[in-house]
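To keep things clear, I will list the structure first and then write my remarks on it.
The values are calculated or read from the model by the stated rules, or taken from the named source; none is laboratory data. Note that the structure is predicted; figures quoted are calculated from it, not measured. Note: ideal-geometry Cβ built from the backbone for every residue, glycine included; neighbour counts use all protein chains shown.
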Amino acid sequence: MPAVFGVDLAKRVFQVHTVNVDSGEIQRWTLSRTKLAEFFCNTPPAIVAMEACGSSHHWARQFPAMGHDVRMIATKFVRPFVKTNKTDAADAAAIWEAAQRPDMRFVPVKTEQQQGILALHNMRNLLVKDRTAQLHQIRAVFYEFALSCRGVATGA
């Protein structure tokens, strides 16, 4: 059975957690972005588990090229496994534990094209939300001055 690594992704410093299958020894590393790639390039094929969060899809596309099997877990499924105060190291341990559950559901890895389309949809949704909020604000000001709102945002 391959080793399982729990990785807590961050902006600058990443936490890696695993347990040696033979000795039961807990091993932890704190690695920079460049050292993380180097670490997994020099590691025998393993299961690399991480939370589905910012940059997780990028890393999920990188690790298979290094010979690893990637498993991404939704944040809501990792949270119950955090045993102590929420720290990056505790999160990595929780990810490691969650990844080994036989009934765990994993998030499929998105391609760059899928992520690009999703980003466009999210930007559009934000623009629509902001526009709607601004129209509501304008209407509220009109009402404060007893002005009619007919025709506002309808083009009439």
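Below, the figures for the structure above:
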| quantity | calculated |
| --- | --- |
| Sole exception among (1) part of a helix (DSSP H, G or I); (2) out of contact with any Ser or Thr (no Cβ under 9 Å at 6 or more places or on another chain); (3) under 16 Å from Val7 (Cβ atoms) for Gly54, by number | (1) |
| Sole residue being free of Cβ contacts under 8 Å to residues at least 60 places away in the same chain, closer than 18 Å to Thr18 by Cβ and out of contact with any Lys or Arg (no Cβ under 8 Å at 6 or more places or on another chain), chosen from Val82, Val107, Val128, Val141 | Val82 |
| Within region 60-79, tally of residues that are without any contact (Cβ under 8 Å) to a residue 12 or more places away in the chain and either over 15 Å from the mean Cα position of the chain (by Cα) or under 15 Å from Val7 (Cβ atoms) (or both) | 2 |
| Selection status of His58, farther than 19 Å from Trp29 by Cα and either assigned by TED's automatic domain parsing to the domain that holds Ile26 or surrounded by 16 or more Cβ atoms within 10 Å (Cβ to Cβ) (or both) | yes |
| Single condition Gln100 does not satisfy, out of (1) at pLDDT 95 or above; (2) within 25 Å of Met1 (Cβ to Cβ) | (1) |
| Selection from region 75-90 of residues that are out of contact with any strand residue (DSSP E or B) (no Cβ under 6 Å at 6 or more places or on another chain) and either among the hydrophobic types (A, V, I, L, M, F, W, C) or under 20 Å from Lys110 (Cβ atoms) (or both) | Lys76, Phe77, Phe81, Val82, Ala90 |
| Residue satisfying condition, being aromatic (Phe, Trp, Tyr) and in contact with an Asp or Glu (Cβ under 8 Å, 6 or more places away or on another chain), within set Phe14, Phe40 | Phe14 |
| Given (1) touching a helix residue (DSSP H, G or I) at 6+ places or on another chain (Cβ under 9 Å); (2) exposed (fewer than 12 other Cβ atoms within 10 Å of the Cβ); (3) within 30 Å of Leu31 (Cα to Cα), number of the condition Gly116 does not satisfy | (1) |
